[in-house]
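Values quoted throughout were computed directly from the atomic coordinates according to the rules given, and no laboratory measurement underlies them. Nothing here was measured: the structure is a model prediction, and the numbers come from that model. We place every Cβ from the backbone using ideal geometry, glycine too, and count neighbours over all the protein chains shown.
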Amino acid sequence: MPGALDLEMGFRVRCRFTFEELLRVSLPASPLRYLADVFLGAVGAYAVIQREAKEFLDHLAEVNSTRVQSDVLNRVQESRGQLETEVRKLLHEVRRIAERALDRARTTRSEGASAIALALAPIDAAERAVQFLQRRNGD
C-alpha cells in the first residue's frame, strides 16, 4: 500500500490562529488621557510615551505568542488523533488483505502440487524473460 500515508502532509488540521490587534487597549482610555499624551509630546516628554508604547508592544507580543503556542498544541493533538485513526484503518486493511492471501494460499495448498505449479507458471515465465533480457543486454 505505497503512499497510503502522505509523509509530506504534516498537520492534518488547519491553523485557526489569528493575530489579536488589541486596538481597544491601544486607544486612549479617555479624552483627558489623549490630551495628556498630546501635552507630553508637546513638551518633549517622549520617555513616558516610549515606555508605555514598549509596555503595550510587550503585552501584544506576549498575548499573540501564547495564542500561537496554544494553536500549535491544539493542531498537534488533533492531527495526532486523525493520524492514529488513519493508521488504524490502514492496519485493518492490511490485515484483511493478509487474511485473503492466507485463505488463497491454503486453498491452493489443499488443491495440491498441480495447482501450485499452475500458480507459479506466470512467475516462472517472468523470471525466464528477465534472464533472457539480462543475457541479451550483457552481450
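Work out, step by step, the length gained on full extension between Arg109 and Leu73: first 0.36 nm times the residue separation, then minus their alpha carbon distance; give nm to one decimal.
Additional length available on full extension: 7.7 nm.
Applying 1/(1 + (r/R0)^6) with R0 = 35 Å to the Cβ-Cβ distance of Ala42 and Leu83, what FRET efficiency is obtained, to the nearest 0.05?
E between Ala42 and Leu83, to the nearest 0.05, is 0.05.
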